Amino acid sequence: MKTLLDHNQLNITLQRLAHQLIENHLHFNDTAIIGIQPRGVLLSDRIAALVQKITKQKHIDYGRLDITFYRDDVSQGIHIPKKTDIEFSIEGRNVVLIDDV
């Protein structure tokens, strides 16, 4: 299998993404980050932590969303639902969705 990004390259890419999000959304007062289950959460956990660290904020709104029942192949029964965890309102806010695609 071909390696697309090594550990260092992935860290640099995630840092760049975090900085771009901060440039576009400043201090995340009106913005939330939501990771798409299952594999988008792996990326969004890291990106949300980086944004929080870089901005030195104690809290940014971050959640996880399971889209299993909205997939076009849900009838095949091959996907096991994961937990949706969004403990804040997204009404009137910017939402950054992060997935692995």
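Points worth noting:
- Farthest toward positive dipole pole in the chain [+1 Lys/Arg, -1 Asp/Glu at C-beta], among LEU42, LEU26, LEU10: LEU10
- Test item: Cα-centred dipole of the chain, Lys/Arg +1 and Asp/Glu -1 on Cβ, debye: 360 debye
- Kirkwood hydrodynamic radius (C-alpha pairs) into Stokes-Einstein, the chain, 4 °C and 1.567 mPa s, D in µm²/s: 88 µm²/s
- Dividing the summed helix terms, -39500 (n - 2.57) for each DSSP H run of n ≥ 4, by the number of residues in the chain produces a 222 nm estimate of -12000 deg cm²/dmol to the nearest 500.
- Highest average packing first - 57-67, 31-41, 4-14, 88-98, Cβ atoms within 10 Å: 31-41, 57-67, 88-98, 4-14
Taken together, the values in this text are just the output of simple stated rules run on the coordinates, not laboratory data. These figures come from a predicted structure and were not determined experimentally. All Cβ positions, glycine included, derive from the backbone under ideal geometry; neighbour counts span all protein chains shown.
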